[in-house]
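A short write-up of the structure that comes next.
The values are calculated or read from the model by the stated rules, or taken from the named source; none is laboratory data. Computed from a predicted structure; not experimentally measured. Methodologically, a virtual Cβ is constructed for each residue, glycine included, from the backbone with ideal geometry; neighbour enumeration extends over all protein chains shown. Side chains are part of the model used for accessible areas, which takes the heavy atoms of the whole protein and leaves out ligands, DNA and RNA. Shrake-Rupley method; radii C 1.70, N 1.55, O 1.52, S 1.80 Å.
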Amino acid sequence: VHAETVNVREPNPATFVGSGKLDEIRTIMQAYGANTLVIDTKLSGVQHRNLVNYFEPRLSNKKGDGEGGGVAVLDRFSLILTIFADRAQSKESKLQVELASIKHQRTRLINTDKQVTNERMRVGVGHTGGAGETQLELDRRLLMDKEKRIKQQLEAVSRTRHVTRSARESRGMPVVAIVGYTNSGKSALLNRLTGNTERESSNRLFASGDPNTRRATLPSGRTVLLVDTVGFISELPDIFDTCFLSTLEEVQDADII
């Protein structure tokens, strides 16, 4: 609805921008009736929490009619993650997005609750256990356990993909990987070269959530395999590395890029 560039000489460690800019943003959001704020940079867990705490009471619906809801604050990485989740179709891409989401959640864990959540029971007379886990420690452990399970599932999917790629290589057909930034026309090029429109081609980011392979016949009569890959984007954080693993493998094994 509204976009502007803000020059920030030194980010505020608490809210990224100063109080004056926060008031200005709130006024703009109120004028447009907006309930989502997107900041095109990385926010720390503290900054995200403080921004939500600032805008929530000032912009949330107060009528109690079920409309309007709360206020969403998204940084660059949260927005990319949301788009990835919306585009994911295959089991592998959904697992990759879930793994990236867990890694992102771990960066947002904040020690705001010192209450012990898992106190140990007394053992015998006059003996007590340790202090137990704080909420932060429990949340971190649960996320790490979930991350481990997803990585195991991705390893199984990766082994299956390697078998498929080996079978493809045994046919002896050259592999051509179409690589580039997201929304640069890779899928449109694939459709044009292969003569069909099965692969979605649209003017939006990450329209292709998974690599796609098709046969194409060159004017010489020789058959090649064209691979449409997941588009890259600048300033992508490390948490998204798994989302591009299959693309990087296709690029590594391609005869022509």
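Mind giving me the FRET efficiency for R192 and K151? R0 is 35 Å, r the Cβ-Cβ distance, nearest 0.05 is fine.
0.40
If you count only protein heavy atoms with a 1.4 Å probe, what accessible area per residue comes out for the range 1-61, rounded to a whole Å²? Present the calculation step by step, with values, prior to reporting the outcome.
Details: 3900 Å² over 61 residues.
So the range 1-61 comes to 64 Å² accessible per residue, rounded to a whole number.
Once the piece of chain linking R171 and R9 is laid out straight, how much longer is it, given 0.36 nm per residue of separation minus the C-alpha distance between them? Intermediate values should be presented prior to the final figure.
Numbers: separation 162, 0.36 × 162 = 58.32 nm, distance 5.70 nm.
Once the chain is fully extended between R171 and R9, it gains 52.6 nm.
For M144 and S19, calculate 0.36 nm times their separation in residues minus their Cα-Cα distance, and state this gained length in nm to one decimal. Kindly include the intermediate steps, with their values, before the conclusion.
Details: separation 125, 0.36 × 125 = 45.00 nm, distance 3.58 nm.
Net length gain for the segment: 41.4 nm.
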